[in-house]
Amino acid sequence: MQFEASLDKFSKVTSAIFLVFALVMLGGSLSGRMVPDENGNFMLSIVSAFLLLLSVIMFLYSPRAYLVEGKDLVVCRLIGNKRIAAADISRIRVPDEKELKWPVRTFGNGG
């Protein structure tokens, strides 16, 4: 049995804004227009490149679907599916409505 895992609209928008922000920072630092100091441009380039690399890694490891195979739960990702044995799962429950009053999903992470 397979269950799809798609991002909600808020997560898609925040992820896109983060990615555009990192790209603008990298472009501005490489063009030399954002920081007048050479060292400032270099540091901004390093931070921007790190943010872009981090974004790509998070995208590649984000869950695409959940699959129940026998007694195992498989988290399907673009790189390296994660298999969790049923014996390692302590409990499964539906959260109370009170617990979901103000959920915040940061970059698609539901918790």
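The values are calculated or read from the model by the stated rules, or taken from the named source; none is laboratory data. All of these numbers come straight from a predicted model, not from anything done at the bench. When we count neighbours, we look across all protein chains shown, and the Cβ atoms used for this are built from the backbone with ideal geometry, even at glycine. Quick note on the areas: whole protein, heavy atoms, side chains included, nothing else; ligands and nucleic acids left out. Shrake-Rupley method; radii C 1.70, N 1.55, O 1.52, S 1.80 Å.
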Out of curiosity, is ARG91 in a loop (DSSP other than H, G, I, E, B) and either open to solvent by 80 Å² or more (accessible area, probe 1.4 Å) or at pLDDT 85 or above (or both)? yes
Condition first: without any contact (Cβ under 8 Å) to a residue 24 or more places away in the chain and either open to solvent by less than 70 Å² (accessible area, probe 1.4 Å) or in a loop (DSSP other than H, G, I, E, B) (or both). Now tell me which residues in the range 62-75 satisfy that. GLY70, LYS71, ASP72, LEU73, VAL74, VAL75
Got a number for residues in the range 7-26 being open to solvent by less than 90 Å² (accessible area, probe 1.4 Å) and of a type in the set (Phe, Trp, Tyr)? 1
